[in-house]
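Q: Dropping a structure here in C-alpha cells format, bear with me for questions.
No lab work stands behind these numbers, since they all come straight from the coordinates. Just so it is clear, the structure is predicted and the values come from calculations on it, not from any experiment. Positions of Cβ are backbone-derived with ideal geometry, glycine not excepted, and every protein chain shown enters the neighbour counts.
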Amino acid sequence: MRLMITFEPFDEAEYENIDKYSIQGFIYSLIENTELFSCLHKQKGFKFFNFSNIFPVSKFKRNNLKKLLISSPNKTFIKEIYNNLKNKTAFYLNKYKMELLKVKILKNKHCDNFQTATPIALFEKNHDNKYYSFNKNPDFKFFFDRMKNNALKKYNAFYKENYYFDDPIFENIKFKKEVSIRLDKNNNKFIVIGSLWDFLKINQNIKNKKFYNFLFDCGLGEKNSLGFGFLNCNWR
C-alpha cells in the first residue's frame, strides 16, 4: 500500500537541503505516538517501509508543488500515517515548513515490470559495511543472488513463513547506472553506493504474486527505511 503526499513549500530551499534523513525523521514523527509503531525507529532489523525521492527534483519554493510517496506492506502503518496527516495543514521537513495540500492512499495495481525510483543498495560484506559496486566488481549473478536472498529474508520475516524458490528473481533486466549517495548524520558523512535499473521483469515462473507485491511495497535491497530501493511500475 502507498501514500501520496502533495505539498507546497512556504520558503525557498535547495533540493539537497532535505535529504533522506529529513524524510525518514518526518515519517517517524508521524508514528511516534502510535501504539504499534512508536518504538519502530529503535528496533533492530527490518522496518518494512520505504519512500521515494521528493519529486519533481527542483528547488523548493512557493507555488512549486512537490510530492512524496511512502510505501509499506503493512497497511496499518500506512493508515496510521494517513490518519496523523489528514487533519494537518502544515508539516516540517528538516527545518523547512511545508503546506499540506493533499494526502491520499493508493492501492497497488498489477505490475509485471519494475523500475527503480531510488538506488538499490546491497552490502558486499555486511560486517564492514562495504557496499557492492558494479564499477569495481561487475558480477551480475552475485548481485542478484544477494538481492534475492535479502528479499526472501524480508518476506519471510514479515509474513512469518519459510518461502523459497530456485529461479532467478527477475527474468529480464536493463541496467541504468551506478550512483553514490552522500549522507550526513549527526555531522558524520558517509557514502552509500547503489544502482538504478530501467527494467526489472518479474519471473513468470514464480506464481507467488504476493511476493512481488511485497517487494513493490517494501523495496529492493537494503536500507529501505532510508529510502533506498524504491520501485515504480514500468508500463512500457
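Q: Could you list, bin by bin from short to long, the percent of Cα-Cα pairs of segment 2-106 in 5 Å steps?
A: 2, 12, 24, 27, 18, 11, 5, 1
Q: What percent do you get for the relative contact order of segment 162-208 when only Cα pairs under 8 Å and 6+ apart count?
A: 46 percent
Q: Using only the Cα atoms of segment 163-236, build the gyration tensor, take square roots of its eigenvalues as a ≥ b ≥ c, and label the shape rounded, prolate or oblate: rounded if a/c is under 1.5, else prolate if a/b is larger than b/c, else oblate.
A: prolate
Q: Give the calculated FRET efficiency between K160 and D184 to the nearest 0.05, with a Förster radius of 35 Å applied to their Cβ-Cβ distance.
A: E(calc), rounded to 0.05, equals 0.45.
Q: At 7 Å along the Cα-to-beta-carbon direction for both T89 and N137, put a label point, then send me their distance in nm to one decimal.
A: Label at T89, label at N137, 5.5 nm between them.
Q: State to the nearest 20 debye the size of the charge dipole of the chain about its Cα centre, where the only charges are +1 on K and R beta carbons and -1 on D and E beta carbons.
A: In debye, rounded to 20, the chain gives about 380.
Q: Taking only C-alpha pairs under 8 Å that are 6+ residues apart, what is the relative contact order of the chain in percent?
A: It comes to 28 percent, rounded to a whole number.
Q: Next question, about the same structure. Roughly how big is segment 113-233's charge dipole about its Cα centre, with Cβ charges of +1 (Lys, Arg) and -1 (Asp, Glu), in debye to the nearest 20?
A: Its charge dipole is roughly 180 debye.
Q: Scan around V179 for amide H atoms under 5 Å from its own, H built in the peptide plane at 1.01 Å from N, and keep only partners 5 or more places away or cross-chain.
A: G194, S195, L196
Q: In straight Cα distance, which lysines are under 20 Å from K185, not counting same-chain residues fewer than 8 positions off?
A: Filter leaves K20, K42, K44, K47, K95, K130, K223.
Q: Separate question: Can you check what the net charge comes to around F211, using other residues whose Cβ is under 15 Å from the Cβ of F211 (Lys, Arg +1; Asp, Glu -1)?
A: With Lys, Arg at +1 and Asp, Glu at -1, the net is +2.
Q: Next question. Can you give me the relative contact order of segment 113-233 as a percent, contacts being Cα pairs under 8 Å and 6 or more apart?
A: In percent, rounded to a whole number, it is 40.
Q: Cα centroids of segment 164-187 and segment 1-56: how far apart, whole angstrom?
A: Going from one Cα centre to the other spans 21 Å.
Q: Using the Karplus curve 6.51 cos²θ - 1.76 cosθ + 1.60 with θ = phi - 60°, what ³J(HN,Hα) values do you get for each residue of segment 12-21, in whole Hz, with x for Gly and Pro?
A: 7, 7, 5, 4, 5, 6, 10, 9, 4, 5
Q: While we're here: Classify segment 90-236 as rounded, prolate or oblate, taking a ≥ b ≥ c as the square roots of the eigenvalues of its Cα gyration tensor: rounded when a/c is under 1.5, otherwise prolate if a/b is larger than b/c and oblate if not.
A: Oblate shape, in that a/c is at least 1.5 and b/c is the bigger or equal ratio.
Q: Quick query: amide H of Y132 versus all other amide H atoms, modeled in the peptide plane; which residues come in under 5 Å with a sequence gap of 5 or more or a different chain?
A: Amide H to amide H, under 5 Å and 5 or more residues apart or across chains, Y132 pairs with L122, F123, E124.
Q: Now for a different question. If R0 is 35 Å, what FRET efficiency do you get for D167 and F10 from their C-beta distance, rounded to 0.05?
A: Result of the calculation: an efficiency of 0.10.
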